[in-house]
1. Sequence-distant or interchain residues sharing an amide H contact under 5 Å with residue 69, placed H: which?
2. Which value, in debye to the nearest 20, describes the size of the charge dipole of segment 67-115 about its Cα centre when Lys and Arg Cβ atoms bear +1, Asp and Glu Cβ atoms bear -1, and nothing else is charged?
3. When the helix-only estimate is applied to the chain (DSSP H runs of n ≥ 4, each -39,500 (n - 2.57), divided by the residue count), what is the mean residue ellipticity at 222 nm, nearest 500 deg cm²/dmol?
4. Roughly how many Å is it from the Cα centre of segment 87-107 to that of segment 6-60, as a whole number?
5. Beyond 25 Å, what share of the Cα-Cα pairs of the chain is found? Please give it as a whole percent.
Amino acid sequence: MATGADLDRVFQALSDPTRRAVVERLAKGPASTSELATPFAMALPSFTQHLDVLVAAALVESTKQGRVRTYRLAPTPLVGASDWLATQRSLWDRRLDQLDDHLLELARADKENLR
C-alpha cells in the first residue's frame, strides 16, 4: 500500500502534461532521453528536469550505457495511485447511492403528504 508521501509524489509528478506524455510514451516501451525529448519544444536541460521528477516519484527508472541514458516505466507507483483512486470512487459511489435513496424517500413522503 502506498504511503501518503508516495501518493503525493506520484500525483505531483503526473500533474504536468509533459510528464504525463512521457509516461504515456514509456508505456509503449523504453526510450532514450533524446527520443523522449524530441516531441517537446524545450531545451534538453529543462526536459531532463521533468525526467528527474518522474524518477524521484519512482514512476520511471533509468539506466546508462555509455553516453546514452534509457528510461523505462516503473508501474508499481501507478498501481498504488490506482488503488487509492478506486477506494475514493467506491466511497463516493456509496455516498451518492445513499443520497439518491434519501431523495427518493423525501419524494415519496412529499407525495403521500399531498394526498
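1. Long-range HN contacts for residue 69: 33.
2. For this selection, approximately 620 debye.
3. One gets -22000 deg cm²/dmol as the mean residue ellipticity at 222 nm.
4. 38
5. Cα-Cα pairs in the chain separated by more than 25 Å: 43 percent.
Each value in this text was obtained by applying a stated rule to the coordinates, not by laboratory testing. Source: prediction; values computed, not measured. Glycine also receives a Cβ, built like all others from the backbone with ideal geometry; neighbour counts cover every protein chain displayed.
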